[in-house]
Amino acid sequence: MLSTFLIALREGLEAALIVGILVAYVVKTDRRNLLAPIWTGVSVAIIASLTFGGFLTFTSKELSARGEEIFAGTTSFVAVGLVTWMVFWMKRAARSLKLELHSKVDTAVQIGKFGLISAAFFAVAREGLETALFIYSNFKTVAQTSEPTIGLILGLATAVLLGYLVYNRAIKLNLSKFFTITGVALIIVAAGVLSYGIHEFQEFGLIPGADAYAWNTESWLAADSIVGTILSGTIGISTKISWVQLLFWAAYLTVTLRFYLAPAKTVNTEKPSNFARV
């Protein structure tokens, strides 16, 4: 439940802030006639994201057991790649996102309503499609109960509420700190999704070491127990994990968090001393 809540909150708030920036800009510049194309693009993006999520679920259920293993493993790896790219992109682009979106609106207006619909669609669809893929992959790593779905709904509802409050300036949110903290949380969740993908490929036979367990606690701690569910749903550690899974989980976390939490490099604009020799 916690992992799906965090995913939905983070991705949902990003999408809500993007919509808020677009709407606020056209309202501030007294171009309210552009609101309809923006909301059309946003609506189409939401429908496309829901359709994509439904496609993933339907495809998974229609496959054979062997086919489902390779499909689940592949989508897990793709999801981890997209989420990793997304958290680094947001860290880098957060400061210039507002100006970038304003520029896209101005450019789209020159093309016409379809251009503005497209701009709004792609700005939101990027977040929506990533969320659908990551949520699907994360659902596969947690127990098959209603809790992940509840976490998803609560996360999206909270994101919409926070986005609305930020837009109306009812609250002031330190977005840089918020996205840094949730970025770390998503990286931890992504490590669990990566471990699950490794497991599926091991079951299929593409990666060796399926029976070489780092630990197996299922004799006294079931996977669907409260503790087992919390561990798998938060840090991605299951009650039965192979050495290969553990290795990839630890390596991904170590390398990704090291680069993500590293301070941004500052460009030295000082001119070299006249006494410096080449």
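Numbers at a glance
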read-out	value
The range 1-58 - residue that is part of a helix (DSSP H, G or I), without any contact (Cβ under 8 Å) to a residue 24 or more places away in the chain and of a type in the set (Val, Ile, Thr) and, of those, nearest to residue 167 (Cα to Cα)	27
Test: residue in the range 28-37 that is crowded, with 18+ Cβ neighbours inside 10 Å, among the hydrophobic types (A, V, I, L, M, F, W, C) and at pLDDT below 85	yes
Some residue of the range 232-240 being in contact with a strand residue (DSSP E or B) (Cβ under 6 Å, 6 or more places away or on another chain) and modelled with pLDDT of 85 or more	no
Selection count where residues are surrounded by 22 or more Cβ atoms within 10 Å (Cβ to Cβ) and in contact with a Gly (Cβ under 7 Å, 6 or more places away or on another chain), scope the range 38-55	2
Residue within the range 51-69 that is over 18 Å from the mean Cα position of the chain (by Cα) and aliphatic (A, V, I, L, M) present	yes
Among the residues listed as 64, 43, 49, the single one being over 19 Å from residue 128 (Cβ atoms) and among the small types (Gly, Ala, Ser)	64
Residue match in the range 177-198 (condition: among the aromatic types (Phe, Trp, Tyr), surrounded by fewer than 17 Cβ atoms within 10 Å (Cβ to Cβ) and out of contact with any Cys (no Cβ under 9 Å at 6 or more places or on another chain))	yes
Residue that is surrounded by the fewest Cβ atoms within 10 Å (Cβ to Cβ), among those in the range 94-129 that are hydrophobic (A, V, I, L, M, F, W, C), in contact with a Phe, Trp or Tyr (Cβ under 8 Å, 6 or more places away or on another chain) and more than 13 Å from residue 45 (Cβ to Cβ)	94
Selection within the range 64-91 - without any contact (Cβ under 8 Å) to a residue 24 or more places away in the chain, more than 17 Å from residue 13 (Cα to Cα) and either of a type in the set (Lys, Arg) or surrounded by fewer than 14 Cβ atoms within 10 Å (Cβ to Cβ) (or both)	64, 65, 67, 81, 85
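The values are calculated or read from the model by the stated rules, or taken from the named source; none is laboratory data. Everything quoted here is computed from the prediction, not taken from an experiment. Cβ: placed from backbone, ideal geometry, glycine included. Neighbour counts: every protein chain shown.
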